[in-house]
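Have a look at the structure below before the remarks.
The values are calculated or read from the model by the stated rules, or taken from the named source; none is laboratory data. Keep in mind it's a predicted model, so treat the numbers as computed, not measured. Positions of Cβ are generated from backbone atoms using ideal geometry, with glycine treated the same way; all protein chains shown enter the neighbour counts.
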Amino acid sequence: MAASLLKHDVFQAIADPTRRQLLRLLGEQEMPVTAISGHFPMSRTAVSKHLRILADAGLVKPRKVGRETRYRLEPEPLLELKRWLSYYERFWENKMSALQRYVESDESDGA
């Protein structure tokens with residue numbers, strides 16, 4: 001299978017901190033590659049590679065406007081992440097509840 005036919009997994013796409021920064025930046029507005037590149041200490045080619053990975057995962061959408069390509073955030077694939085994380089929220093909530101009970105019981109013992 002050709003590399004261009006492979007789609008990137010949403011989890012793999014956001015694993016890189018640069019790509020997470022790109023998503024945050026594009027969450028504010030649609031931007032051309034030249035403007036996006038100005039926010040990062042890397043070449044425009046490197047930024048384009050990151051954008052291509054995000055586009056393959058469906059997280060950004062490119063749009064040709066004249067001679068430039070503009071990118072915008074496509075948040076729908078992030079729902080997969082939200083669903084995955086929501087399963088684990090109950091563990092965090094249980095730990096916080098246990099900590100609260102411990103702290104409150106310790107305070108009542110000392111009073």
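Residues considered: T45, T69. Of these, the only one that is over 15 Å from L25 (Cα atoms), part of a helix (DSSP H, G or I), assigned by TED's automatic domain parsing to the domain that holds A13 and more than 19 Å from the chain's Cα centre (by Cα) is T45. Answer with yes or no whether Y71 is among the aromatic types (F, W, Y) and surrounded by fewer than 10 Cβ atoms within 10 Å (Cβ to Cβ). Here the answer is no, as Y71 does not meet what is asked. Scanning the stretch 48-66 for residues that are among the small types (G, A, S) and either over 12 Å from the mean Cα position of the chain (by Cα) or assigned to a helix (DSSP H, G or I) (or both) gives S48, A55, G66. A search for C-beta distances below 7 Å between a residue of the stretch 47-72 that is under 16 Å from Q21 (Cβ atoms) and any residue that is at pLDDT below 95 and of a type in the set (D, E), counting only pairs 6+ apart in sequence or on different chains, returns A57/D9.
Here is a check on your reading of the model: is E80 surrounded by 14 or more Cβ atoms within 10 Å (Cβ to Cβ) and at pLDDT 95 or above? So E80 fails the test. Is there a residue being modelled with pLDDT of 95 or more, closer than 16 Å to H8 by Cβ and not hydroxyl-bearing (S, T, Y) anywhere in the stretch 62-73? Scanning the stretch 62-73 turns up at least one residue that is modelled with pLDDT of 95 or more, closer than 16 Å to H8 by Cβ and not hydroxyl-bearing (S, T, Y). Within the span defined as the stretch 98-109, one or more residues are of a type in the set (F, W, Y), surrounded by 10 or more Cβ atoms within 10 Å (Cβ to Cβ) and without any contact (Cβ under 8 Å) to a residue 40 or more places away in the chain.
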